[in-house]
Amino acid sequence: MKVFLGGIVAGLAIAFVAIQFYRPARTNPRIDPKNTIEATMHVPPAVNAILERSCNDCHSNKTTWPWYSKVAPASWYLADHVREGRQELSFSQWGTYTAKRKDHKLEEICGEVKNGKMPLPSYVRLHSHARLSDADVQTLCGWAASARAGLAESSRTTASAALPASVR
């Protein structure tokens, strides 16, 4: 029995070492400063602090990769979550979004934090500083509502300016 258990432990150890040779990309793509959310809309300091603390690791190109992102299988899980997070919403690419997409993302930001879906509970377990307080949620939702109103006003102004002077 001891030999059998020893063989299993040895096999698992070899498998663990072997999987370390497959390393997913832990990237932080170059940031075009003119496309960041901070460059394209007003982000108050309190909101920026929340985004940096609780959102940017998965939703920007400013990910701080922790030590365990170098150890499989955690590295696979983290790289996948960051890739998916950036595809869903990237504050580094905000300026490339259409007004409609920005509006939708701002609406989603509030909904996700209100429902406790973001930041991901698995992220908060390892990064307790990312936990959002009720005040943080109110701050984000208030900002998102204000930003959505600003987008709507900007769209109305742009649409009005596109009309011929005789129609305005």
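Computed from the coordinates by the stated procedures, all read-outs in this text should not be read as laboratory data. Predicted model, so just to flag it, every value in this text is computed and none were measured. As a convention, Cβ positions derive from the backbone with ideal geometry for all residues, glycine included, and neighbour counts pool all protein chains shown.
Legend note: in the chain, cysteines whose Cβ sits 4.7 Å or more from every other cysteine Cβ are C55, C58. Within straight-line reach of K105, meaning a Cα separation under 16 Å, sit the following lysines at least 8 residues removed in sequence or on another chain: K114, K117. As a proxy for reagent exposure, ranking V71, V113, V43 by other Cβ atoms within 10 Å from fewest up yields V71, V43, V113. Ordering D103, D134 from the fewest to the most neighbouring beta carbons within 10 Å gives D134, D103. Taken over the chain, the alpha-carbon convex hull comes to 145 cubic angstrom per residue.
Here K62 is the anchor, and the lysines within straight C-alpha reach of less than 18 Å, apart from those fewer than 8 places off in the same chain, are K34, K70. Each Lys or Arg adds one and each Asp or Glu takes one away; over the other residues whose Cβ falls under 13 Å from the Cβ of A49, this sums to -2.
Summing charges over all other residues whose Cβ lies under 14 Å from the Cβ of W76, with Lys and Arg as +1 and Asp and Glu as -1, gives +2. In terms of the mean number of neighbouring beta-carbon atoms within 10 Å, the peptides 25-31, 54-60 order highest first as 54-60, 25-31. Here the dipole of the chain is about 320 debye; that uses its Cα centre as origin and unit charges on the Cβ of Lys and Arg (positive) and Asp and Glu (negative).
Counting beta carbons within 10 Å around each of L51, L106 and listing the fewest first gives the order L51, L106.
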